[in-house]
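Take a look at the structure below.
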Amino acid sequence: MSDTGMNIRNLSIKCGSCNTYQTLSGFARRDEFNVYTYECENDRCDPAVTRTLVEVHRELDEFAQRDVNWRGGGVHGAWGDGESPE
Ligand SMILES: [Zn+2]
């Protein structure tokens with residue numbers, strides 16, 4: 001792990017409404033940024049309301065650089081709890 005990049009696997013996204021960790025549910029690109037979408041997976045929160053978008057500059061995004069085949073739900077689709085390395 002470099003000192004300048006960042007890997008979203010090192011991030012925990014916690015919901016301020018239900019106080020549980022949100023799971024990665026989507027990936028998109030916007031200009032120079034990779035945009036990761038996190039949602040609550042419980043019946044307490046409406047994902048449309050509590051959804052979190054994390055934007056990482058592409059040049060710093062080690063996760064996307066290492067997982068070039070990952071497009072958000074394909075190769076690593078099983079990665080949903082934010083804890084498992086694969
Ligand atoms: Zn929530």
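Each value in this text was obtained by applying a stated rule to the coordinates, not by laboratory testing. Just so it is clear, the model here is predicted, and its values are computed rather than measured. Cβ sites come from the backbone with ideal geometry, for glycine too, and all protein chains shown count toward neighbours.
Here is the figure for the stretch 1-36: residues that are of a type in the set (D, E, K, R), within 16 Å of the ligand (Cβ to nearest atom) and either buried (at least 16 other Cβ atoms within 10 Å of the Cβ) or closer than 12 Å to Val56 by Cα (or both) total 0.
Return yes or no: is Phe27 part of a helix (DSSP H, G or I) and of a type in the set (Phe, Trp, Tyr)?
Values: part of a helix (DSSP H, G or I): no; of a type in the set (Phe, Trp, Tyr): yes.
Taking the combined requirement at face value, the residue does not satisfy it.
Go through the stretch 34-57 and report how many residues are in contact with a helix residue (DSSP H, G or I) (Cβ under 7 Å, 6 or more places away or on another chain), without any contact (Cβ under 8 Å) to a residue 40 or more places away in the chain, outside any loop (DSSP other than H, G, I, E, B) and not aromatic (Phe, Trp, Tyr).
Applying the first criterion (in contact with a helix residue (DSSP H, G or I) (Cβ under 7 Å, 6 or more places away or on another chain)) to the stretch 34-57 yields 34, 36, 39-40, 54, 56.
Still in the list and also without any contact (Cβ under 8 Å) to a residue 40 or more places away in the chain: 34, 36, 39-40.
Next, only the ones that are outside any loop (DSSP other than H, G, I, E, B) stay: 34, 36, 39.
Among the residues that remain, those that are also not aromatic (Phe, Trp, Tyr) are: 34, 39.
Adding up the residues that qualify gives 2.
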